[in-house]
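The values are calculated or read from the model by the stated rules, or taken from the named source; none is laboratory data. None of the values given here were measured: they were computed from a predicted structure. For neighbour counting, all protein chains shown are included, and Cβ atoms are generated from backbone atoms with ideal geometry for every residue, glycine included.
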Amino acid sequence: MALYSEKVMDHFLHPRNVGELENADGVGEVGNAKCGDIMKIYLKIENDTVTDVKFNTFGCGSAIASSSMATELIKGKPLSEVLKLTNQAVVEALDGLPAHKLHCSVLAEEAVKAALRDYYEKNGIPHDADLLSPGVHCESCH
């Protein structure tokens, strides 16, 4: 059995939504240089919907694939759905990740939540701080 699914390889070799969004409504950066994975997500939001999303990731293939898939899962979605994004949804959409790479999907979830937190705070929109607070993404980093 291959270590990585075809979907992981496809999103690693042909990542979607790479780059920056100028004047992004929300920007979230998470990661830790110690473990080598750093993700930055940029959101454009109109009428409570993610109209565009881009990412820059410094990290392994799983981190790039997780970022790419996360952006695909939230693009065009209302914020109420984006708030429900989980690392498990990213893993399932990628047809799985090796156990030692699951932290990459957690990082993608946290980057999206950090961008949402930034959007809410910039605009003075009340939000659930606990829901959008960063967790511990990588046991080996701490």
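In the set G28, G76, G61, which member is over 23 Å from H127 (Cβ atoms), in contact (Cβ under 8 Å) with a residue 12 or more places away in the chain and of a type in the set (G, A, S)? Step by step, each of G28, G76, G61 is checked, and only G61 is over 23 Å from H127 (Cβ atoms), in contact (Cβ under 8 Å) with a residue 12 or more places away in the chain and of a type in the set (G, A, S). Selection within the stretch 84-93: residues that are free of Cβ contacts under 8 Å to residues at least 60 places away in the same chain and touching a helix residue (DSSP H, G or I) at 6+ places or on another chain (Cβ under 7 Å). The member of this set that is surrounded by the fewest Cβ atoms within 10 Å (Cβ to Cβ) is T86. For the stretch 16-41: of the residues being touching a helix residue (DSSP H, G or I) at 6+ places or on another chain (Cβ under 7 Å) and within 15 Å of V82 (Cβ to Cβ), which is surrounded by the most Cβ atoms within 10 Å (Cβ to Cβ)? The extreme case among them is I41.
Results for (1) within 22 Å of I38 (Cβ to Cβ); (2) of a type in the set (A, V, I, L, M); (3) in a helix (DSSP H, G or I), shown as yes or no for each residue.
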site	(1), (2), (3)
L73	yes, yes, yes
L85	yes, yes, no
G96	no, no, no
K101	yes, no, yes
S105	yes, no, yes
A114	yes, yes, yes
Y119	yes, no, yes
D128	no, no, no
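What are the residues in the stretch 74-92 that are of a type outside the set (S, T, Y) and either under 13 Å from the mean Cα position of the chain (by Cα) or at pLDDT below 95 (or both), if any? Of everything in the stretch 74-92, those that are of a type outside the set (S, T, Y) and either under 13 Å from the mean Cα position of the chain (by Cα) or at pLDDT below 95 (or both) turn out to be I74, K75, V82, L83, K84, L85, N87, Q88, A89, V90, V91. Restricted to the stretch 1-23, and to residues there that are of a type in the set (G, A, S) and in contact (Cβ under 8 Å) with a residue 24 or more places away in the chain, the residue that is farthest from F58 (Cα to Cα) is S5. Within the stretch 10-67, being polar (S, T, N, Q), touching a strand residue (DSSP E or B) at 6+ places or on another chain (Cβ under 6 Å) and in a strand (DSSP E or B) holds for T49, T51, N56, T57. Among the conditions (1) crowded, with 18+ Cβ neighbours inside 10 Å; (2) farther than 23 Å from N23 by Cα; (3) within 10 Å of the chain's Cα centre (by Cα), K113 misses just one, which is (2). C104 - would you say it is modelled with pLDDT under 95, in contact with a strand residue (DSSP E or B) (Cβ under 8 Å, 6 or more places away or on another chain) and buried (at least 17 other Cβ atoms within 10 Å of the Cβ)? In short, yes.
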